[in-house]
Structures are given as C-alpha cells and as structure tokens.
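Working notes, structure below.
The values are calculated or read from the model by the stated rules, or taken from the named source; none is laboratory data. The model shown is predicted, which means the values in this text are computed figures rather than measured ones. All Cβ positions, even for glycine, are placed from backbone atoms using ideal geometry, and neighbour counts span all protein chains on display.
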Amino acid sequence: MNPGAPAVRIHPADNVAVAVRPLSAACDIAVAGERVVLREDVPAGHKIGLRAFEPGESVVKYGFPIGAVTAPIARGAWVHSHNLKTCLEGTVEYRYEPADRLGLPERLRRFVAQGAPDDPRAQSKFMGYRRPNGRVGTRNELWILNTVGCVNRAAERIAHEGAARFAGKRAVDGVYSFSHPYGCSQLGDDLRNTQRLLAGLMRHPNAGGVLVLGLGCESNQMDDLLALAGDVDRGRLRFFNSQDVTDEVDAGLDSLGELATAMESDAREECPAADLVLGHKCGGSDGLSGITANPVVGRVADRLTALGGRVILTEVPEMFGAEHLLMDRAVDDAVFRDIVGLIDDFKAYFRRHGQAIYENPSPGNIAGGLTTLEEKSLGAIQKGGAAPVTEVLRYGDPATPRGGGLSLLEAPGNDGVSSTALVASGATLLLFTTGRGTPLGFPAPTLKISSNTPIAEKKPHWIDFDAGALLDGAATLDGLEDDLFALILDVASGRRLANNEQHGYREIAIWKAGVTL
C-alpha cells in the first residue's frame, strides 16, 4: 500500500481500488502505478473500477471475487450497490484443503525467541490475576449476575451501593451488575442460551467474586444454573433468591462484603502473554476496516497465538462467503468438520425463521462502502490473521485458555450479543474494530480500534487506538502492531483503562433464539 495515496489497491489481482478519502469527479489519481480519471464522486471507503466491466463479470477485492456486476461500469466509475450484487445463495459443499503452513513469519520470530532482553515488548509479559484453575484474569472485580430480569433494579442498587462501600478496597478493581430482560417464561434454546451465557460469566477469571441474584419463581432456576456453571470456585460465589430474604439489597451487600474479604489476598503477578485470551470483534465496519484496523488486529492474533495464547473470533454470518479460508486453516479434519457444522447450522437457523441467509451488509456498512457479504466477510475474517483454527465453540462453551490457536465461536453478528458471547467463552480483553464508531463496552476491557483517523479524532472518548494512521503514512503495519500489542499488555496489567471502563460502558446482551411463554 502506498501511504498518502488517494486510493489503494489491496491485492495485485484486484480490479477495484478503495478511496482513502472523498474523491471528486474528473479527479486524476494514481493507483498501483496507473492513472485513473474518476467518472463521478466517490466517498471514502468506496470502490473505484480500475477497468471497464460488463454485466455478469466478477469484481475482485482482497484477491477474491466479491460479487457480480449488474450494469455496465466504466473505468474510473463508482462501484457499489447500484451496479454490484452478491453471488452467494443456498448452501455450499465444502472440501478440506489444508493451507500450507511454512512456519512463523520472520516478523514473529523475535517475539517467541528466548532471552530477548533489549525490547520489553518482545518479552511479552503482563501482570494478571492467576486463579486456582490456572486461568488468568486482567481484572479483579465483583460481578452481580441476575437469573431473571425481574431483579435487574435490585442488582443495580446492590452494585451502586457496593461500589461506594467496596470499590478501592484492597484488590477490588470495581463492582458491577449486568442487567438483562430474560430468565422468565423461557423454554428450550432460549432458556439454554440464557443459562449458558450466565454460567460463562460466573466462571470468568476477571471476576474475583460473583453474586448471583435470583427471584425464585423464574424458569431459570438457581440450582440448574449453578449445576451448569461447573468449573467455578464456590468460595468466590454467593447466591440467593430475593423471595427468600427480607431485604434483598441488604442481603446482597452482606454477600459482597464476604466476597470482598475473600479477595483481599489477591494480587497481580507476572504472567506470559500465552495466558491472555483475546476476543476479536468488528462493529460499524466501513470500506477501510479491511485495509487498516482488521489487518492490524489480525497481526496481533498471529503474534499472540505464536506465543501460545488464545484468540476467539465470532460473528458467524460475517464468515459467509469467506468461510472456506477459515476451513483451510483447520488443524485437522475433525476441526474442519466442526467449522462446516458451525456454518451450516447457522444457515439453517436463518431458514427456520424465514430469513434470507445473505441479508447483509447493514445500512451503516453500506454507507461506509461495503456492498456485498463476500466483501464484508473477506475484510472481517482478517481479524483472525493467519492463525491456525484449533477449535470450534458453541454458544457459551469455554475456550481452551492456552495452546496457541484461533477459536471460532457460534454467535450472530450483533455487536452486543457477539461481544458478550466472547466474554462468556473466556475472553479477558476485547479488540473491537470500527469504522463508524460506537460507545459499547462489555464486562471485559473493550479496546476500540478505528479504521480511519477522522472517527478517532471526533470520538476520542470512544476510540482507544487509531489504525487509520496507516493511510496517511504516519504509521506502518509493523509499528501499529507493536503499539497495539504494547497497549494490550498495559491494559491487561491494569496500568491503563480502556475507554469503556473509564466512561462506564459495561453491559451484556443474550442471544434470544427460541420460544417465550
């Protein structure tokens, strides 16, 4: 990529370029050594035809077809929804064609070499909270989880009063409740999703203590939820039903006090980066996300997995059209079959509800320059880098904490649902790329990485890291990778807070997929 260029061609095989900034009709620009005169205005992030196209021909971006032309396109014309459509339809027969793995890229070798004393980032250490089960948290917080929406307000009151009483106490990094509207009158998959999500949060290593607050008469019964939680430290867990006590706020504060006392001996200790579990997510993507933010985050995925750490990638509908690239990175045939099942089951979920499988991108994506699902997916999966896919997780499944690989997690593209699912599966820090911006935050620290500098400058209280600096030559991919990884280690160590933490953006969303009575 030529820094500072008005438009870039991402891959040598591409027959379109992407405008880096808004360009006007009749503008004469240089792209990949060729001159192109624009036929019309082209917004930033949108595509420019590098040759003439006839209907039915393929448009290629990222080196792969992203759709079929629907109307004649002149060289230098704007390529978007008015002249390009998806080629995705129906189901697909997949074959396992393992990708060649030639070992670590040279840029990663120094980070896994022993004894690299001169660069603290090469040592790849952070200060974390090691739990008895071996998992490592990046925070030591008190969490209040409720079994049912009926006690949301009580949980919020307990958290508010608990924060005043216990936050700042030795080793307590904060007190938080996570409201949701579910747990009552749910059946089947709906109830299971609620329980699996809450069970995952109960096990999370960022929670030094967890209070589970119930009502008593809900479908999501306390005993069933506790049984599903499995590997949870019962010494760091308190629970009661509000119908069984006189004052649920007082009872909750008493329970928090016991948990805070149990946490007093907790202390950060030096941990290798292999103990990190990152969740990678994009929201409000634009046409620049696949050029800047997502590739930078993908490089972080490569680095962390090379060091033995874990990265979780989700948003299954945003794999459609690019899933074959993930399948070819499966470590074996069993994982390949699991990926096929993940993709096919999600398509069946769409069909059960009478919805088009390929109804994507979103209005915000389209405004930002993304035209087809193939284009969106090819850009989105770059967040997983080139790391081998070592496991497939169903909604609520815990990720293998170590092992140096990429996990694919079952969840939709919705920002709230998918990000919460990443945390419930064990992500202790989220990397959230965005071209449009969002204030959303989740139970784990959520670093927002912008695809363009204008949104970073406009929303500094949302954006933690600007990958758009790549476009104007102010930064290189290598430099951005180093800087983002250093930021991750600082935030994981508690030396810095993510913007979502500083401004109080913490919430959860549960995947509703079934029946409510």
| message | Criterion first (in a helix (DSSP H, G or I) and among the β-branched types (Val, Ile, Thr)) does Ile357 satisfy it? | response | no
Yes or no: Leu470 more than 12 Å from Val297 (Cα to Cα) and buried (at least 16 other Cβ atoms within 10 Å of the Cβ)? yes
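Need at least 3 residues that are buried (at least 17 other Cβ atoms within 10 Å of the Cβ) and in contact with a Phe, Trp or Tyr (Cβ under 9 Å, 6 or more places away or on another chain) per element, so show me which strands (runs of 3 or more DSSP E) inside region 215-298 make the cut, counting only ones lying wholly within it.
277-282
Please verify whether Ser179 is out of contact with any strand residue (DSSP E or B) (no Cβ under 6 Å at 6 or more places or on another chain) and assigned by TED's automatic domain parsing to the domain that holds Arg234, treating the condition exactly as stated.
yes
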Residues of region 52-67 being modelled with pLDDT of 95 or more and surrounded by fewer than 19 Cβ atoms within 10 Å (Cβ to Cβ), in sequence order, are Ala52, Glu54, Pro55, Gly56, Glu57, Ser58, Val60
Of the listed residues (Val8, Val79, Val20), the one being of a type in the set (Val, Ile, Thr) and modelled with pLDDT of 95 or more is Val79
Gly67 fails exactly one of (1) of a type in the set (Gly, Ala, Ser); (2) in a loop (DSSP other than H, G, I, E, B); (3) in contact (Cβ under 8 Å) with a residue 24 or more places away in the chain, namely (2)
Within region 175-205, the residues that are assigned to a loop (DSSP other than H, G, I, E, B), modelled with pLDDT of 95 or more and of a type in the set (Gly, Ala, Ser) are Ser179, Gly183
| query | Given the structure, is Lys169 assigned by TED's automatic domain parsing to the domain that holds Asp482 and either touching a helix residue (DSSP H, G or I) at 6+ places or on another chain (Cβ under 7 Å) or outside any strand (DSSP E or B) (or both)? | reply | no
Next on the checklist: Just checking, does region 496-505 include any residue being of a type in the set (Gly, Ala, Ser), in a loop (DSSP other than H, G, I, E, B) and at negative phi?
Outcome noted: yes
